[in-house]
Amino acid sequence: MILPTKYVPAADSTLGIAGALLPLRHNNPTVSELWHSFRETRPEATFDSFTESLTLLFLIGTVTLDSGILKWQV
């Protein structure tokens with residue numbers, strides 16, 4: 001679910017996970033580095049939810065990919 005619902009808490013929604021990725025954007029990490037940092041903060045999260053959230057950030061123009069490095073537009 002992109003947005004939280006009665007059954008999906010805000011922290012587990014795609015939008016909530018995308019928000020949790022924003023504080024991890026220091027030093028322009030690669031996707032793998034971002035995934036490892038994210039797993040340290042949210043060990044229960046799945047790779048699918050991570051990729052859905054990262055895709056959402058790509059779609060809204062918050063992040064781009066340049067030679068394997070994530071470039072943040074925030």
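The values are calculated or read from the model by the stated rules, or taken from the named source; none is laboratory data. Since this is a predicted model, take the numbers as computed values, not measurements. Every residue, glycine as well, gets a Cβ built from its backbone with ideal geometry; the counts of neighbours run over all protein chains shown.
The residues of the stretch 35-62 that are hydrophobic (A, V, I, L, M, F, W, C), surrounded by 15 or more Cβ atoms within 10 Å (Cβ to Cβ) and at pLDDT 95 or above, listed by number, are 35, 38, 50, 54, 56, 57.
Listed here are the residues, each with its yes/no results for (1) touching a Cys at 6+ places or on another chain (Cβ under 7 Å); (2) outside any helix (DSSP H, G or I); (3) touching a residue at least 12 places away in the same chain (Cβ under 8 Å); (4) among the acidic types (Asp, Glu).
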| site | (1), (2), (3), (4) |
| --- | --- |
| 16 | no, no, yes, no |
| 27 | no, yes, no, no |
| 33 | no, no, no, yes |
| 55 | no, no, no, no |
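Filtered by the rule that a residue be touching a Phe, Trp or Tyr at 6+ places or on another chain (Cβ under 7 Å) and of a type in the set (Gly, Ala, Ser), the stretch 43-74 gives a lone residue, 45. For the structure I just gave you, tell me whether residue 3 is assigned to a loop (DSSP other than H, G, I, E, B) and either under 11 Å from the mean Cα position of the chain (by Cα) or surrounded by fewer than 14 Cβ atoms within 10 Å (Cβ to Cβ) (or both). Answer is yes for this residue.
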